[in-house]
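The values are calculated or read from the model by the stated rules, or taken from the named source; none is laboratory data. Just so we're clear, the structure is a prediction, and the values are computed from it rather than from any experiment. Quick reminder, even Gly has a Cβ in these numbers, built from the backbone with ideal geometry, and neighbours come from all protein chains shown. Quick note on the areas: whole protein, heavy atoms, side chains included, nothing else; ligands and nucleic acids left out. Shrake-Rupley method; radii C 1.70, N 1.55, O 1.52, S 1.80 Å.
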Amino acid sequence: MADVRLTSVGKIYAGSVPAVKDISFTVPDGGFCVLVGPSGCGKSTLLRMIAGLETITMGEVRIGDRVVNTVEPMDRDIAMVFQNYALYPHMSVYDNMAYGLRNRKTPEAEISARVAEAARILELEPYLKRRPRELSGGQRQRVAMGRAIVRKPQVFLFDEPLSNLDAKLRGAMRVEIKKLQRHLGVTAVYVTHDQLEAMTLADMLVVMNQGVVEQIGAPLDLYERPETVFVAQFIGAPPMNMIELTPTKGLPAGLDGVAGLPLPAAGARLGIRPEHLGVEIDGDARIETRPGDVRLALTVEAVEAVGAETYIHGRLGGDGQMIAAREHGKVLLPAGTTRTFTARREHLHLFDLATGRRIAH
C-alpha cells in the first residue's frame, strides 16, 4: 500500500484560468480522504490529477515513494470507481471484473481466484453470470468496486460513485464502502458534494471552495471548530446560523447577551448551530440557562416535525433574518408566536466580517 502526497499542486486551464490553486496535503497509508465542496470547486479536477487523467500544471503528486506527475494512469497502480459504473453491457459480471486483468495478461487461474475473492467480499457470488442490465443500481456499483478490488491497487479513487443511487441505497452503500476500505486497508481518495456522505466516510476531510482548500481535518473537528464561514455553513444540516454583528449599525433586534464578545471594529458574524438553540416554552427552558448565554427572540414561521427531531424556523426580532433551531422529540409551536431561544456561550462561533476567518473567544 502507499500514502498519497500533494505538494503545492495547481491546475490552470487555457493559460490563465485557475481550477486548483496551491494545494498541499498527505493522505496516510490506509487512510480514507474525502474531498468535499460545491460543484465547480475543483475537487474532481484534483482527483483526476492524482489519477493521471489531467495534467498537473504545477506542484508534485507522489504515490508512495514515486513522483507520478508524468506517469501514465495505467502505471500509477491505482483503481478508479466512477459515478456511472462504466460496465460493459454485453459482458457478464465475471467478465467485467476480469477484463482489466486479462488486458494485463494475468494468468487465468489467478484471475479466477481474484474475482472469486472479490465476489465473496462484495456478496456478488450469485450474480457472476448475469449481465449488468439484470442487476440493481447498488449491485452494479458493487461490480464496479469489484473490478477495482481485483487489481489490488495501492490507491482507490472514487469519483462521486453514489450520485446515481436513491437516498436509502446511498446510505447502505456508504456503510459497504467504508467497511470494504477498512477490510482491504487500501488508501482511498473520495470525491463528493454531499456533506453527510463526507462526514460519515472520511478519516480525513478536505473542504474545497473555488479551487482552494478551506480546511483539512477529522470530520467532527471541522464540525465543532470550523475555521471559516464557508466551512461552518457547508458542513452540517441545517447549516449554521450566521448573524451579522456590526457595532456601528447597532445589534439586530431580538438579540441579547453578546456584550463582552471580542468584536473587531469592522464587525463579525456570530455562528450558532441549530441544535445549540434551546427554546423556552411557557417559561420552561429546554436547556439550562447560564450567565453569559445569548438569547434570541424568534417569531415562529414554520415547524417541521420529522419524527425524532423537530426543526423550527423563525424570524429574529419578528422581521429580521431567518434562524433555524433543531429540537429533539416533538415540539409544537404555533406559527406567528414569539419564543425565546438560548445558546450557551461555549457553543458560539465568531468569524471576522472582513476575512471570514475564525476569531478566538
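When restricted to residues that are over 13 Å from GLN154 (Cα atoms) and open to solvent by 50 Å² or more (accessible area, probe 1.4 Å), the stretch 56-68 contains 4. Highlighted here are the strands (runs of 3 or more DSSP E) found entirely within the stretch 254-361 that include at least 2 residues which are of a type in the set (Ser, Thr, Tyr): 309-316, 338-343. Against the criterion of being among the hydroxyl-bearing types (Ser, Thr, Tyr), touching a strand residue (DSSP E or B) at 6+ places or on another chain (Cβ under 6 Å) and surrounded by 13 or more Cβ atoms within 10 Å (Cβ to Cβ), SER112 does not qualify.
Residues in the stretch 77-98 include none that are without any contact (Cβ under 8 Å) to a residue 40 or more places away in the chain and in contact with a strand residue (DSSP E or B) (Cβ under 7 Å, 6 or more places away or on another chain). Within the stretch 1-29, the set of residues being surrounded by 15 or more Cβ atoms within 10 Å (Cβ to Cβ), assigned to a strand (DSSP E or B) and of a type in the set (Gly, Ala, Ser) comprises GLY10, ALA19. Taking the residues in the stretch 194-210 that are among the acidic types (Asp, Glu) and surrounded by fewer than 18 Cβ atoms within 10 Å (Cβ to Cβ) as candidates, determine which candidate is nearest to ALA79 (Cα to Cα). Going through the qualifying residues, I end up with ASP203. Filtered by the rule that a residue be under 26 Å from PRO226 (Cα atoms), small (Gly, Ala, Ser) and open to solvent by 20 Å² or more (accessible area, probe 1.4 Å), the stretch 332-358 gives a lone residue, ALA354. Taking the criterion of being within 26 Å of GLY137 (Cβ to Cβ), touching an Asp or Glu at 6+ places or on another chain (Cβ under 7 Å) and outside any helix (DSSP H, G or I), no residue of the stretch 41-78 qualifies.
Each row is one residue, and each column tells you yes or no for (1) surrounded by 12 or more Cβ atoms within 10 Å (Cβ to Cβ); (2) β-branched (Val, Ile, Thr); (3) touching a Ser or Thr at 6+ places or on another chain (Cβ under 6 Å).
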| position | (1), (2), (3) |
| --- | --- |
| THR70 | no, yes, no |
| PHE82 | yes, no, no |
| MET97 | yes, no, no |
| LEU101 | yes, no, no |
| ILE121 | yes, yes, no |
| LYS129 | no, no, yes |
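Of all residues in the stretch 132-160, those satisfying the criterion of being under 12 Å from ARG114 (Cβ atoms) and open to solvent by 10 Å² or more (accessible area, probe 1.4 Å) are ARG147, ILE149, ARG151, LYS152.
So how many residues does the stretch 261-302 have that are at pLDDT 80 or above and either open to solvent by less than 60 Å² (accessible area, probe 1.4 Å) or touching a strand residue (DSSP E or B) at 6+ places or on another chain (Cβ under 8 Å) (or both)? The number of residues fulfilling the criteria is 28. Confirm whether GLY329 is touching a residue at least 24 places away in the same chain (Cβ under 8 Å), open to solvent by 10 Å² or more (accessible area, probe 1.4 Å) and of a type outside the set (Asp, Glu). So GLY329 does not fit the description; no. Taking the stretch 182-193 as the range and being modelled with pLDDT under 90 and surrounded by 15 or more Cβ atoms within 10 Å (Cβ to Cβ) as the test, only LEU184 passes.
Only one of the numbered conditions (1) open to solvent by 30 Å² or more (accessible area, probe 1.4 Å); (2) part of a helix (DSSP H, G or I); (3) among the hydrophobic types (A, V, I, L, M, F, W, C); (4) over 25 Å from TYR94 (Cβ atoms) is violated by VAL213, and that is (2). What do you reckon, is GLY31 among the small types (Gly, Ala, Ser), within 16 Å of VAL155 (Cα to Cα) and under 19 Å from the mean Cα position of the chain (by Cα)? So GLY31 fits the description; yes.
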